[in-house]
1. Within the range A:17-43, which residues are aliphatic (A, V, I, L, M) and more than 25 Å from residue A:288 (Cβ to Cβ)?
2. For the range A:264-275, enumerate the residues that are more than 7 Å from chain B (Cβ to nearest Cβ) and either crowded, with 22+ Cβ neighbours inside 10 Å or in contact with a helix residue (DSSP H, G or I) (Cβ under 6 Å, 6 or more places away or on another chain) (or both).
3. Regarding the range B:224-237, can at least one residue be identified that is closer than 30 Å to residue B:629 by Cα and part of a helix (DSSP H, G or I)?
4. Under the condition of being more than 8 Å from chain A (Cβ to nearest Cβ) and in contact with an Asp or Glu (Cβ under 9 Å, 6 or more places away or on another chain), which residue from the range B:45-74 is farthest from residue A:179 (Cα to Cα)?
5. Output the qualifying pairs, or none if there are none: Cβ atoms under 6 angstrom, residues six or more apart or on different chains, first residue in the range A:15-43 and farther than 19 Å from residue A:269 by Cα, second residue part of a helix (DSSP H, G or I).
6. What single numbered condition from (1) within 18 Å of residue B:94 (Cβ to Cβ); (2) hydrophobic (A, V, I, L, M, F, W, C); (3) touching a Lys or Arg at 6+ places or on another chain (Cβ under 9 Å) fails to hold for residue B:135?
7. For residue A:305, only one of the following conditions fails: (1) more than 10 Å from chain B (Cβ to nearest Cβ); (2) closer than 28 Å to residue A:74 by Cβ. What is its number?
8. Return the total of residues in the range B:32-44 being closer than 15 Å to residue A:309 by Cα and more than 8 Å from chain A (Cβ to nearest Cβ).
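The values are calculated or read from the model by the stated rules, or taken from the named source; none is laboratory data. None of the values given here were measured: they were computed from a predicted structure. As a convention, Cβ positions derive from the backbone with ideal geometry for all residues, glycine included, and neighbour counts pool all protein chains shown.
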Amino acid sequence: MQRAYIPAAIAAQPWKLILPLFALVLFGATVLYSAAGGSLRPWAGMHVARFIIFLVMAMLIARAPKDWFRRVALPGYAGLCVLLVLVELLGAIGGGSRRWLDLGFMTLQPSELMKPGIVLVLAWFYDLLPPGESQGWRAIVPAGVMLGIPAALVMLQPDLGTALAISFGAVVMMFLAGLPLRLFIGAGAAGAVIAPIAFFTLLHDYQRKRVLVFMDPESDPLGSGYHITQSKIAIGSGGFFGKGFGNGSQSHLDYLPESHTDFVFATMAEEWGMVGGLFVLLVFGLILRWGLQVSRRAPDRFSMLLAAGMTTTIFFYVCINLMMVMGLAPVVGIPLPFMSHGGSSMMTNMICIGTIMAVDRWGKQGGGSLL
Amino acid sequence: MKRIGLPFASDKRKVPKLPTTSIALNNRFDRRSFVLGAAQGGVGLLLATRLGYLAVAENAKYRAASESNRVNLTLIPPRRGWVIDRTGAPLAANRADFRVDIIPDRLVDRDRTLKTLQELLALPDDKVRDISDKLDKARGFQPVEVAASMDWDHFAAVSVRLPDLPGVIPQRGFSRDYPTGAAVGHLVGYVGPASAEDYERERNPLLITPGFKIGKDGLEKQFEARLRGIPGARRVEATASGRVVRDLGTREDVPGQPIQLTINGALQDYAARRIGLESGSVVVMDCATGDVLAMASMPSFDPNSFADGIGRIEWKMLSEDDHVPLRNKVLRGLYPPGSTVKPMVALSFLEGGLDPKESVNCAGGLRVGNRVFHCWNHHGHGSTDMLKGIYQSCDVYFYHFAQRMGMDGIAAMARRLGLGQEFPLPVAGQSYGTVPDPAWKKRKYHQDWAIYDTVNATIGQGYVQVNPLQQAVMASRLASGNILMPRLLLDRHAPAPKPLGIAQDHLDLIHAAMNEVVNGRGTAGKARLPIPGVQMAGKTGTAQVVGLNVGNGKGGQWKHRDHGHFICFAPFDKPRYACAVAIEHGGGSGSAYPVARDVMTFLFDQAKAMEVLEGYEKQWGGNVTQRMAAKYASYEAQFGATAPKPADDAQLAETVAADNTPATEPTAAVTDAAPPAPEPVAAPPPTPDPSPTPAPPAAASAPVAATVPQVH
């Protein structure tokens, strides 16, 4: 670092994160600009504006002390659970499924916030747990309950994608917290048995159909297979260098559904080709690598778990979304972080980023990278 | 990891927490976060590989898919080749029109759409029901016609409402037009939308293009490949919802090739109209070339209305008509030819060496074995030689000499003159009937030829079955002495026909006898042409349909009346045209020869012939089109609401095929004497004959002994 030539406040910023983030967001805005037919409205301008706002929020989060995170973990988690129940109740009254609360000035989707929420509360829990207990039931049962409540509530909404994201975040937290490996192997084996049963009993019809169609998209070319088929056409027709900026026929002629939200990667790949796709993958790789590095040099167990968990949450978004648009996963409504248009996911991801930035700051304050 | 962690946990449970455990957990975090990072990297690699596979390896496939999404190719149906007659006048042409179709797949709210269309286009209720029926039956991609030949106002009214009418396609196009309508129905056939089976067979997107029609019957079907042409195309860039973004270009269609027929359109129309209320057929051939100048089968259907698919009222009308309007009687009607075979039989006698002067005494009947075969004239013709045998149609003359000359010679001559033959014509099929001989009977019934079989065959009864085209060919070959082959496609450079190899003096004798039939002491005096200097030669024939125990062949039930036949050629001394007329259940040859006379007259003096026809049409209630329209109106009034669903394409084809199945041959051998039908007859009731020519010799009373009904 060239600390000598740059003001400390600026040098202290995690540029290794902010620069890739900006690159990704601006690239996303470019794609949204093209998707809107060469216009900043309605998506591209809003996308950048939101990012700026949430970046400020993330920086504010980054300035919060470690104790504040510890204090807020459990009440925050409990509050989110209450909100989830509230959504459920209002939904039952209003009829139909509900995922959000209308607060008047904004709509709040508690399940979104639960993604970083579960990471925070588990980091807090495993930090609190005496290391000696980490192999016994005390390490598993409370965590399981903490995961089970929100996951079940979200499944009830029903929102499979978010429930999976919450579960994935929690399970990775347990893995990193040092729970015995046999648990994960056993759970994996049990999952292999339970998954088919759950598929036929727990999933809703439309979810089951999505999975089936994912196996064979061409079986339903006009129904739910349409999304996957058109997305593959968009990506495949882009070739190595793409069709050129503003020339993506799949998105411009509305063949590609959700071209500005869930399938923004396909919109991008059609115009920018494989080159654009590799660039996006590379930038995500940089961001995620930075997140893991932060966690590895974090000063204590709480910070380590927190940073790794937040990184994992972002990773899960990226991984599922890209697998979905490339036809490797069923269609679940998960947007691509920093590129898809949409406030909720941007907020969640920026909370994750802010938290990792905070851990980064603690690590530097605490005498640099100890570990 | 477990090896390190577990011993601590178990051994030192009670020991206060040691930093080593925490360090162990941190180590474990390090390792596991490394695993996590590696897993993330692995996923990244997997995604990059997948991206490369889609974008590079499969690029061509997806590029094509994207193009096919982007570019919407609208085929423009090619204009169909014309069918023209020998003078160049159209028998089937194209008319520019506006049309509206529905693609069932794209319909959103069918009832509402139909209701809107009904209001916009002022469609009658039964038409809407027809459309609804077709929508039920059509596969999703098959366009269903709502209206064609629309005027601009209606077309515009639909066009501006398009956003509210998904699945409705208005377009400018061409529709098939048959100027002479029903007169060419059986000859030219008709066109219609391709059926699902057609599409399965050809897999050509043109077939499911709205407004495109393929030949369904007749020449339209036979010459489909030649008439079709090459479609044009309009390429547009369209959104997923079908909104056109911009035009990418249009390729003009290449119209199909025309076909020119030997048919004389005016004559064809005249012949069809002249058949009038009867169920019958007229064939006219050119005696020099074999060109078929007219080939009319009536009643018929109007191919113009078939082109839009058949409506329920029309269907009821056609399927309930006992005059089988869907059967092409020229090729598919099989009849015992009756006495029209006598000139042919006499010719075979001459060729066999019989002296035409040799005579037999006709006393009204002839005993053959233990049966008496009657002459149609029970009073007898007295001494009868060949000439008189033909012009008086004396049965006894033929009974007598056929026994001497033998059946094989007669059958050979029949085939030489075209009976029992199938001709190389571009038609879906011909029922070629039977020319019986001893070998045939042995094969068919495992019975020996009996003498009464010969006797029956010589008067065109018994096993003998012919179609009207064969009769026309027989007439033309008798007239010309050449092996004329009927032709439908005009070929001005066709080689001249070869001679039959029959002595000219034999032919002259037959011609003289046939001239006598019309212009002398014969059975068809009223068939004389009203043209000075042109004499027509002919031969009458009456074929019994049922035994005399069922009906006398004249009146009574229509189905029981005798068939009437007439073959002729003119001028008798220098034959140019030959003609055969067959009237089903006309009550005898008296129903046939006035038709032949007028059709032949038309060839020499159109005005005179038209005058006669117009006189008749006043009595019949208008010309063919007017009568069909009147019938339609009465059906509509009567059954408008209750008519059953019309046949779809497959059913229609099936019905047409059923109507056109060859009449079956008698399943059991005929064992009795066939009674000769009376010959000639007085003017039959359904065809009043205003002709001023003197009445022919009075009809004889019906023959007495007859028990075997004839199959017709």
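1. The initial filter retains those residues of the range A:17-43 that are aliphatic (A, V, I, L, M), namely A:17-19, A:21, A:23-26, A:29, A:31-32, A:35-36, A:40.
Scanning the range A:17-43 gives A:35, A:36, A:40.
2. Taking the range A:264-275 as the starting set, the residues that turn out to be more than 7 Å from chain B (Cβ to nearest Cβ) are A:264-268, A:270-272, A:275.
If the condition is that a residue be more than 7 Å from chain B (Cβ to nearest Cβ) and either crowded, with 22+ Cβ neighbours inside 10 Å or in contact with a helix residue (DSSP H, G or I) (Cβ under 6 Å, 6 or more places away or on another chain) (or both), then A:264, A:265, A:266, A:267, A:268, A:270, A:271, A:272 are the ones that fit.
3. So in the range B:224-237, the residues closer than 30 Å to residue B:629 by Cα come out as B:224, B:227.
Filter again for part of a helix (DSSP H, G or I), leaving B:224, B:227.
Yes, the range B:224-237 contains a residue that is closer than 30 Å to residue B:629 by Cα and part of a helix (DSSP H, G or I).
4. Step by step, filter the range B:45-74, then rank; the result is B:72.
5. Within 6 Å, the pairs are A:16/A:290; A:17/A:290.
6. Result: residue B:135 fails condition (1) only.
7. Here residue A:305 meets the rest and fails (1).
8. Taking the range B:32-44 and keeping what is closer than 15 Å to residue A:309 by Cα, we get B:32-37, B:39-40.
Still in the running and more than 8 Å from chain A (Cβ to nearest Cβ): B:34-35, B:39.
Residues in the range B:32-44 being closer than 15 Å to residue A:309 by Cα and more than 8 Å from chain A (Cβ to nearest Cβ): 3 in total.
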